[in-house]
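Right, one structure below, let's go through it.
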Amino acid sequence: MITPISTSHIDFSDPLFESLYQDYPTFKEWCSKVSREPETRKAWVANAPDAGLVAIAIIKLGEGVHGDASLSAKLSTFKISEGASAQGIADQLLSSVLLFLVEKGVETLFVTVFPKYEPLLSYLTDRGFRVTEARTPLGEIILTLSLHTKGKITSVINKIAYEVLAKEYIDRAETPGKSQEPPQDLASHLTGGLRDRPKRLLELGPGSGSVLAHLGSVGDQVIAVELSPKMASIAQKAAPNATVVIADVQDVDFPDCHFDGVYMGAFIHLFPKEIALKQLLRVRRWLVRSGRIFINTTSELECSEGFFVKQDYDKKMLRFRSSWTEDAFSQLLSDAGFEVLNRFRTKEVERQKNWIGYLCVAKDEADE
C-alpha cells in the first residue's frame, strides 16, 4: 500500500538507499537537506512487514529543468526494490505522485537517470516520459513528462491503472457476474447491425479480449488498439485471429473509409469530453459509407469528469473517467455526426451500474 510520508520522517539509513549513496558522493548531505524541507518536498512510500522500505518517491515542487519554475516539479527519487517491482508497486507509486501533481496544477515533471539504469529508463519512457537532449553535469539523462496536455496525461494515468489491474480483468472475464452482458451479445450489437459480412472491424480498448474474440470470428480482418501492454497481451491470447496494436489511440490513424464497423465498449468515457468528441470524429472518418459503430457507457444522473480512484477492483488505482447522462451522451454522438439506430440497456447488479449502448451510423447514411 502506498502512503504519503513527511520527508522529515524518512529513514535514509534504510538499505533501499544503498545504491544512491554509491552513485552520489553528496547523497548524505542531500538527505539532511530533504529532511529539513517537508514543505517543498513530498514523499510516498511502500513498506513490507518487518522489511522496511520497498519503494519510495520524493518530489521537489517548484524546480524545473533549468532551475526554479513554479509550475514544474522534479522527481528527485524513485526507487523500488526488485521484489516490489515485480508486484506492480512502481505503477502504484507513480500513480500517487501524478495525482498529487495534477491536483496541484503542476504542468511539467522531470527526472534524471544515469544511463546504466536501463530498466528504469525503459519504464519511464513507456509511461510517457520523454528523453531530452540535455544531460546533467554528472552525465544523467533528463526525462520530462507533460502534465498540462489534458488528453495525454489522462492516457498516461489510465495506462498505469490498467497495467496494475490486468490480472483482475482476467479474473472478471473468467467469472462474470450473473447480470453482466455476455461478450457474444455485446459483439452482436455491432455485427448484427451490419448489412453484409464485414471485411474489416476495429475494436478500441479490447480489455480482456472477450468481445474481440467474437469479432474475430466474424470479420475477415480484425484490428484492436490497446493502451496497456499487459492488457494487449491478454486480449491477443483471447483473440488469436485479431491483430492487437499497443498504442494510445490518440497517436494512431487509419485510412478514410477503412472499417465496416467499430466497437467501443466502455472506452469513450476514458477521455475528457472534448477529446471524446475529437475521437468520435476520427472514427467516423475511418468508417466505410455504410459502416456502423457500437458504443456504450454507464448512464449517470449528472455529467462529470476527472481523476477518480477505481473502487470496484481490489487494487484502488487512479483513473480518469468522464460520466454522462443519456441526453448528454446522445448529444455527443449527434455532434460527432452519428445517428442512433438502436439502444441497448443493461443493469449490472453486481457493480450497481446501468449501461446504455448505441448502434450508430453516420447521419447522411441513416436514411439509406
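The values are calculated or read from the model by the stated rules, or taken from the named source; none is laboratory data. Keep in mind that this is a model prediction, so the values were computed, not measured. Virtual Cβ from ideal backbone geometry, glycine too; neighbours counted across all protein chains shown. Side chains included, ligands, DNA and RNA excluded: accessible areas come from the protein's heavy atoms. Shrake-Rupley method; radii C 1.70, N 1.55, O 1.52, S 1.80 Å.
Quick look at the values:
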quantity	calculated
Around residue 172: net Lys/Arg minus Asp/Glu count, Cβ-Cβ under 14 Å	-2
For residue 12, distant residues with modelled amide H under 5 Å away	none
Mean accessible surface per residue for the chain, computed with a 1.4 Å probe while every protein chain stays in place, in Å²	47
Residue 47 long-range amide H proximity, modeled H, under 5 Å	54
Listed residues 156, 106, 262, most fluctuating in the chain (Gaussian network, C-alpha, under 10 Å)	106
Distance between the range 203-263 and the range 293-323 - C-alpha centres, whole angstrom	21
C-alpha long axis of helix 326-335 to longest principal axis of the chain, angle in °	80
Cut-off 14 Å, label 7 Å out along Cα→Cβ of residue 351, residues of the range 244-279 by amide N	265-270
At R0 = 25 Å, FRET efficiency that the Cβ-Cβ distance of residue 256 and residue 217 yields, to 0.05	0.40
The range 133-270 - percent relative contact order, Cα under 8 Å, separation 6 or more	24
Protection proxy ranking, peptides 64-76, 282-294, 183-195, average beta carbon neighbours within 10 Å, highest first	282-294, 183-195, 64-76
Straight-distance crosslink candidates among aspartates and glutamates, where the alpha carbon sits under 20 Å from residue 178 and sequence neighbours closer than 8 are dropped	168, 312, 314, 348, 350
Shape category assigned to the range 209-290 from the gyration tensor of Cα positions, a/c cut at 1.5	oblate
Fully extended contour minus Cα-Cα distance, from residue 237 to residue 197, at 0.36 nm per residue	12.0 nm
Choice from 56, 141, 170 with maximal GNM fluctuation in the chain (Cα, 10 Å cutoff)	141
Fluctuation leader among 11, 91, 23 - the chain, Gaussian network, Cα springs under 10 angstrom	23
15 Å Cα-Cα reach of residue 347 towards aspartates and glutamates, excluding residues that sit fewer than 8 places from it in its own chain	181, 185, 300, 326
With Cα atoms, 0 to 90° folded angle of helix 89-104 axis to the chain main axis	90
Relative contact order (percent, whole number), the chain, Cα cutoff 8 Å, 6+ residue spacing	11
With every protein chain in place, the chain: carbon and sulfur % of accessible area (1.4 Å)	51
Correct choice for semi-axes √(5λ) of the Cα gyration tensor in Å that was computed from the model, options [x] 32, 28, 16; [y] 35, 22, 20; [z] 43, 20, 19	[z]
Cα long-axis angle, helix 273-286 against the chain (0 to 90 degrees, to the nearest 10)	50
Computed FRET value (nearest 0.05) for residue 70 with residue 341, which takes r as the C-beta separation and R₀ as 45 Å	0.30
Given 273/353; 152/230; 60/273; 167/237; 167/310; 33/116, the pairs whose alpha carbons are separated by over 23 Å	60/273; 33/116
Part-to-part distance (alpha-carbon centres) for the range 142-189 and the range 54-105, which is given in Å	22
